[in-house]
């Protein structure tokens with residue numbers, strides 16, 4: 001089981017490949033897309049490792065709380081039920097409940113897209129817009145997540161579960177979320193390079209926003225929150241202007 005930033009995923013697998021036994025299962029807890037290609041990490045793993053048994057681990061899981069033994073629930077997804085159950089058995093104990101899934105694409109996409117929505121929620125809170133705005137962003141963020149997730153092969157039901165709505169709610173509402181903290185600092189007027197230098201850890205949503213923006217355009221999926229986060233991060237759009245652009249959107253049925 002590996003947990004490395006998405007930008008190091010391919011290189012890590014390449015280094016591991018000659019060290020893995022023939023029947024080894026490889027599972028990962030990375031939540032992102034490959035920078036530059038926008039590929040799902042399962043696609044990267046298949047390219048590097050061929051037909052090996054693979055599993056992805058995701059869900060609403062702050063590492064510190066898991067390490068402290070606080071109750072946690074998560075999901076392990078694999079194309080093989082046997083592989084998913086084997087990887088799940090590594091993680092189960094009296095404080096960790098683990099579900100299994102065959103929706104490899106959906107589980108990965110939920111974990112990746114929610115990081116971008118957490119930046120948006122952080123921006124809103126950094127601007128002082130309150131709980132109503134945060135709730136609206138989470139709800140509409142879930143709609144965006146589901147639209148793109150289904151377009152990329154995920155199952156709609158997956159996005160209502162732990163790796164979709166569950167992880168989205170956690171990451172958008174608690175300050176242990178690095179992506180939320182990035183958004184809050186942006187909303188308070190700070191600059192991205194300074195924020196990331198001070199953070200000292202990976203905020204996957206920053207790189208993922210660029211990949212999602214490109215994927216949404218390619219697939220013609222409407223993702224207005226993602227677009228505004230991208231413009232704040234990569235086009236220096238003031239956060240206040242991004243919010244105003246969302247509010248000016250044409251009225252429509254929910």
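A short reminder: the numbers here are calculations on the coordinates, not readings from a lab. What you see is a predicted model; the values in this text were computed from it and never measured. Positions of Cβ are backbone-derived with ideal geometry, glycine not excepted, and every protein chain shown enters the neighbour counts.
Any residue at all in segment 202-216 that's surrounded by fewer than 17 Cβ atoms within 10 Å (Cβ to Cβ) and touching a helix residue (DSSP H, G or I) at 6+ places or on another chain (Cβ under 7 Å)?
No, segment 202-216 contains no residue that is surrounded by fewer than 17 Cβ atoms within 10 Å (Cβ to Cβ) and touching a helix residue (DSSP H, G or I) at 6+ places or on another chain (Cβ under 7 Å).
Could you list all residues from segment 207-239 that are closer than 15 Å to residue 144 by Cβ, more than 17 Å from the chain's Cα centre (by Cα) and part of a loop (DSSP other than H, G, I, E, B)?
Hits for segment 207-239 are 220, 221, 222.
So which residues in segment 103-128 are farther than 12 Å from residue 171 by Cα and either crowded, with 22+ Cβ neighbours inside 10 Å or touching a helix residue (DSSP H, G or I) at 6+ places or on another chain (Cβ under 7 Å) (or both), if there are any at all?
Keep residues of segment 103-128 that are farther than 12 Å from residue 171 by Cα, which gives 103-109, 123-128.
If the condition is that a residue be farther than 12 Å from residue 171 by Cα and either crowded, with 22+ Cβ neighbours inside 10 Å or touching a helix residue (DSSP H, G or I) at 6+ places or on another chain (Cβ under 7 Å) (or both), then 103, 104, 106, 107, 108, 109, 123, 124, 125, 126, 127 are the ones that fit.
Can we say residue 171 is surrounded by 15 or more Cβ atoms within 10 Å (Cβ to Cβ), touching a strand residue (DSSP E or B) at 6+ places or on another chain (Cβ under 9 Å) and either assigned to a helix (DSSP H, G or I) or touching a residue at least 24 places away in the same chain (Cβ under 8 Å) (or both)?
So residue 171 does not fit the description; no.
Just to be sure I understand, how many residues within segment 79-99 are within 19 Å of the chain's Cα centre (by Cα) and either buried (at least 20 other Cβ atoms within 10 Å of the Cβ) or part of a helix (DSSP H, G or I) (or both)?
Here the count works out to 1.
Mind checking whether some residue in segment 32-52 is more than 24 Å from residue 210 (Cβ to Cβ) and buried (at least 19 other Cβ atoms within 10 Å of the Cβ)? Outline the logic, then answer.
If we filter segment 32-52 for residues that are more than 24 Å from residue 210 (Cβ to Cβ), which is where we start, we get 49-52.
Still in the list and also buried (at least 19 other Cβ atoms within 10 Å of the Cβ): none.
For segment 32-52, residues more than 24 Å from residue 210 (Cβ to Cβ) and buried (at least 19 other Cβ atoms within 10 Å of the Cβ): absent.
Residues being in contact with a strand residue (DSSP E or B) (Cβ under 8 Å, 6 or more places away or on another chain), closer than 13 Å to residue 107 by Cβ and not in a helix (DSSP H, G or I): count how many of those fall in segment 15-42.
5
How many residues are part of a helix (DSSP H, G or I) and surrounded by fewer than 21 Cβ atoms within 10 Å (Cβ to Cβ) if we restrict to segment 129-151?
Qualifying residue count for the region: 13.
What single numbered condition from (1) on the phi > 0 side of the Ramachandran plot; (2) more than 18 Å from the chain's Cα centre (by Cα); (3) surrounded by 15 or more Cβ atoms within 10 Å (Cβ to Cβ) fails to hold for residue 59?
The failed condition is (2).
Test residue 154 against the criterion of being in a helix (DSSP H, G or I), surrounded by 16 or more Cβ atoms within 10 Å (Cβ to Cβ), under 16 Å from the mean Cα position of the chain (by Cα) and in contact (Cβ under 8 Å) with a residue 12 or more places away in the chain, and give yes or no.
Working: in a helix (DSSP H, G or I): no; surrounded by 16 or more Cβ atoms within 10 Å (Cβ to Cβ): yes; under 16 Å from the mean Cα position of the chain (by Cα): yes; in contact (Cβ under 8 Å) with a residue 12 or more places away in the chain: yes.
So residue 154 does not fit the description; no.
Of the conditions (1) crowded, with 17+ Cβ neighbours inside 10 Å; (2) closer than 15 Å to residue 111 by Cβ, residue 195 satisfies every one except a single condition; which number is it?
Going through the list (1) crowded, with 17+ Cβ neighbours inside 10 Å; (2) closer than 15 Å to residue 111 by Cβ, residue 195 breaks only (2).
Would you please name the residue that is nearest to the chain's Cα centre (by Cα), looking only at residues in segment 62-78 that are part of a loop (DSSP other than H, G, I, E, B) and free of Cβ contacts under 8 Å to residues at least 60 places away in the same chain?
Here the residue is 78.
Could you tell me whether segment 80-100 includes any residue that is more than 30 Å from residue 190 (Cα to Cα) and in contact with a helix residue (DSSP H, G or I) (Cβ under 6 Å, 6 or more places away or on another chain)? Quick ask: steps written out before the conclusion?
Taking segment 80-100 and keeping what is more than 30 Å from residue 190 (Cα to Cα), we get 80-100.
Remaining after also requiring in contact with a helix residue (DSSP H, G or I) (Cβ under 6 Å, 6 or more places away or on another chain): 98, 100.
Within segment 80-100 (the criterion being more than 30 Å from residue 190 (Cα to Cα) and in contact with a helix residue (DSSP H, G or I) (Cβ under 6 Å, 6 or more places away or on another chain)), the answer is yes, since at least one residue qualifies.
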